[in-house]
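Enquirer: Handing you a structure now.
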Amino acid sequence: MALSATKPQQSATMDIGIDRSDRAKLAELLGTALANTYVLYAKVQGFHWNVTGPMFFSVHKSTEEQYEDLAQSIDEIAERIRAVGFKSPTTLARFIQSADVKEEASNPDAAEMIRMLVQDHEAVAKSLRAAVEEADRLEDVFTADLLTARIGKHEQYAWMLRAMVEKSA
Ligand SMILES: [Fe+2]
């Protein structure tokens with residue numbers, strides 16, 4: 001059927017098989033994941049810039065790999081919020097406010113940077129695990145998958161960083 005030239009076009013209603021209230025809950029879970037990823041991105045990149053000492057090269061390289069991956073996932077998570085029907089949060093102030101990850105203004109030594117990042121990656125992985133459970137319950141398999149993949153990455157970084165400071169057996 002042709003659209004009337006005089007009638008404004010209705011925006012398409014959304015039906016992906018998940019209720020609006022459930023989609024709102026999903027957007028909230030994704031929003032927390034986005035905030036944590038954004039704050040961790042900034043922290044990891046700051047450590048990449050300012051690390052010094054004998055571990056410079058390994059920390060510098062590892063943090064580069066991490067922040068590139070985090071940047072890509074920021075985009076994926078935010079766009080998933082759009083796909084479930086909501087606007088993504090945007091401001092840095094809001095990310096900082098809703099993230100569990102805390103910013104780091106000081107420049108700790110390399111071992112302390114590693115310790116902090118291990119803790120942050122583990123905390124984000126744990127928080128994502130709860131989000132995956134909720135996404136599964138709401139039958140959003142794509143969000144559950146996306147966040148599950150993120151858990152794998154955060155746990156991988158936690159392991160790699162931990163291995164840098166572990167004594168060999
Ligand atoms: Fe760099």
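The values are calculated or read from the model by the stated rules, or taken from the named source; none is laboratory data. The shown structure was predicted, so the numbers you read here are calculated from the model rather than taken from an experiment. Heads up, the Cβs are rebuilt from the backbone with ideal geometry, glycines too, and the neighbour counts pull from every protein chain shown.
Rundown of residues vs (1) assigned to a helix (DSSP H, G or I); (2) over 20 Å from Ala42 (Cβ atoms), yes/no style:
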site	(1), (2)
Glu104	no, no
Asp120	yes, no
Val124	yes, no
Val132	yes, yes
Asp145	yes, yes
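Enquirer: Still on this structure, please answer the following. Within the bounds of region 24-44, is there any residue that is away from the ligand (no atom under 16 Å from the Cβ) and assigned to a loop (DSSP other than H, G, I, E, B)? Step through it out loud before you land on a result.
Expert: So the first thing to find is which residues in region 24-44 are away from the ligand (no atom under 16 Å from the Cβ), and the list is 24-40.
Filter again for assigned to a loop (DSSP other than H, G, I, E, B), leaving none.
No; the residues of region 24-44 include none that is away from the ligand (no atom under 16 Å from the Cβ) and assigned to a loop (DSSP other than H, G, I, E, B).
Enquirer: Looking at region 32-72, which of its residues are of a type in the set (Gly, Ala, Ser), under 9 Å from the mean Cα position of the chain (by Cα) and surrounded by 16 or more Cβ atoms within 10 Å (Cβ to Cβ)? Can you show your working first?
Expert: Filtering region 32-72 down to residues of a type in the set (Gly, Ala, Ser) leaves 33, 35, 42, 46, 53, 58, 62, 71.
Then drop every residue that is not under 9 Å from the mean Cα position of the chain (by Cα), which leaves 33, 35, 71.
The answer is Ala33, Ala35.
Enquirer: Being exposed (fewer than 14 other Cβ atoms within 10 Å of the Cβ) and within 23 Å of the chain's Cα centre (by Cα) narrows it down to one residue among Asp109, Asp75; which is it?
Expert: Answer to the check: Asp75.
Enquirer: Same structure again: So if I check each of Glu122, Glu134, Glu166, which one is loosely packed, with under 13 Cβ neighbours inside 10 Å and not β-branched (Val, Ile, Thr)?
Expert: Details: Glu122 fails: loosely packed, with under 13 Cβ neighbours inside 10 Å; Glu134 fails: loosely packed, with under 13 Cβ neighbours inside 10 Å.
Testing whether each residue is loosely packed, with under 13 Cβ neighbours inside 10 Å and not β-branched (Val, Ile, Thr) leaves just Glu166.
Enquirer: Right, something else. Identify the single condition in (1) in contact (Cβ under 8 Å) with a residue 24 or more places away in the chain; (2) at negative phi that Gly53 does not satisfy, given that it satisfies every other one.
Expert: Exception for Gly53: condition (2).
Enquirer: Counting only residues that are among the hydrophobic types (A, V, I, L, M, F, W, C) and over 24 Å from Glu28 (Cα atoms), which one in region 137-163 is surrounded by the most Cβ atoms within 10 Å (Cβ to Cβ)? Spell out how you get there, then give the answer.
Expert: Initially, region 137-163 is screened for residues among the hydrophobic types (A, V, I, L, M, F, W, C), giving 138, 141-142, 144, 146-147, 149, 151, 158-161, 163.
So of that shortlist, the ones also over 24 Å from Glu28 (Cα atoms) come out as 158-161, 163.
Numbers: Ala158: 19, Trp159: 13, Met160: 17, Leu161: 25, Ala163: 11.
Checking each candidate, the answer is Leu161.
Enquirer: Now for a separate question. Residues that are assigned to a helix (DSSP H, G or I), at pLDDT 95 or above and among the acidic types (Asp, Glu): does region 149-165 have at least one?
Expert: Scanning region 149-165 turns up at least one residue that is assigned to a helix (DSSP H, G or I), at pLDDT 95 or above and among the acidic types (Asp, Glu).
Enquirer: Any chance region 78-90 includes a residue that's farther than 24 Å from Arg23 by Cα and surrounded by 14 or more Cβ atoms within 10 Å (Cβ to Cβ)? Give the derivation first.
Expert: So the first thing to find is which residues in region 78-90 are farther than 24 Å from Arg23 by Cα, and the list is none.
Within region 78-90, none of the residues are farther than 24 Å from Arg23 by Cα and surrounded by 14 or more Cβ atoms within 10 Å (Cβ to Cβ).
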